[in-house]
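Nothing in this text is a laboratory measurement; each read-out follows from the coordinates by a stated rule. None of these values were measured; they are calculated from a predicted model. In this analysis, Cβ positions are derived from the backbone assuming ideal geometry, glycine residues included, and neighbour counts consider all displayed protein chains.
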Amino acid sequence: MKRKHSLHSRAVGFTVVECLISLAICAMLMTAVAVAFNASLVNFRENEEMFQSINSARQALTRMTTQLRTADGVDTTTPSHQCTFVTADGEDITYEFRSADNRLYLITNSDNNEYVLCDNVTNAGFSKTITDGECKSVLISLTVRCGGSERTLSAAAVVRRAL
C-alpha cells in the first residue's frame, strides 16, 4: 500500500534563518531608536546648561546696570576688567572679572567680602565714558562659555547722578 503525501502535512512557520534575519532587523531598528533618544538627551543637557549660564550672566548684567544707574559716583581710574562705584545707599562696591578662574565677582570694599556673581565667564569688560572727569555711562560686556560655544551679552547704563 502506497501512502499519499498531502500538501497540507508540511509544518507551516518560520525557519531558523528567517527568525535570525527578523531578529537582526529588529536589533538594528532598536539601535537606531536608542541612538536618536541618546542624541536628544545630550542636546537637552547642553541647551539646559547654556540656558543656565546665559540666565546667570543676564541676571548679573541686570544687577550691575541697575546699581550703576543710581550710583553716586563711578571710579574712572579702575582697569577695564573692574568697575568700582558708590551705590545710592552709600555702599562702596567693585565688580571684578578674574580670568584665572573665569568668574565675575562682587566685592564690598567696606568689609572686603567677595561674592561670585557669575561663573563660566571667559571675558568681561567695563567701558566707561568719561566727560569732564566724571563717568557718564558704562558699557558692560560679558562673554559666557558653556561646552564648546560662547555667547556675549552686553548692556549699558547711564549714571543718572552724573547727568
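Taking the stated definitions as given, is Ala155 in a strand (DSSP E or B) and touching a helix residue (DSSP H, G or I) at 6+ places or on another chain (Cβ under 7 Å)? Show your work before the answer.
Details: in a strand (DSSP E or B): yes; touching a helix residue (DSSP H, G or I) at 6+ places or on another chain (Cβ under 7 Å): yes.
When the stated conditions are applied, Ala155 passes them.
If only residues of segment 92-119 that are polar (S, T, N, Q) and either surrounded by 15 or more Cβ atoms within 10 Å (Cβ to Cβ) or in a strand (DSSP E or B) (or both) are counted, the one that is nearest to the chain's Cα centre (by Cα) is Asn102. The residues on offer are Ser22, Ser56, Ser40, and the sole one that is closer than 22 Å to Ser154 by Cα, among the small types (Gly, Ala, Ser) and either within 28 Å of the chain's Cα centre (by Cα) or surrounded by 10 or more Cβ atoms within 10 Å (Cβ to Cβ) (or both) is Ser56. Of all residues in segment 136-151, those satisfying the criterion of being of a type outside the set (D, E, K, R), over 14 Å from Thr65 (Cα atoms) and surrounded by 15 or more Cβ atoms within 10 Å (Cβ to Cβ) are Thr143, Val144, Cys146.
In segment 44-86, what residues are in contact with a helix residue (DSSP H, G or I) (Cβ under 6 Å, 6 or more places away or on another chain) and in a loop (DSSP other than H, G, I, E, B)?
Filtering segment 44-86 for residues in contact with a helix residue (DSSP H, G or I) (Cβ under 6 Å, 6 or more places away or on another chain) gives 69, 72.
Residue satisfying the conditions is Asp72 alone.
Considering only segment 138-151, state which residues are in a strand (DSSP E or B) and without any contact (Cβ under 8 Å) to a residue 24 or more places away in the chain. Spell out how you get there, then give the answer.
At the first step, the residues of segment 138-151 found to be in a strand (DSSP E or B) are 138-146, 149-151.
Residues satisfying the conditions are Leu139, Ser141, Thr143.
Filtering segment 127-161 to residues that are more than 13 Å from Arg58 (Cα to Cα) and β-branched (Val, Ile, Thr) leaves Thr129, Ile130, Thr131, Val138, Val158, Val159.
Taking segment 120-135 as the range and being exposed (fewer than 15 other Cβ atoms within 10 Å of the Cβ) and either within 19 Å of Leu104 (Cα to Cα) or touching a strand residue (DSSP E or B) at 6+ places or on another chain (Cβ under 6 Å) (or both) as the test, the residues that pass are Thr122, Ser127.
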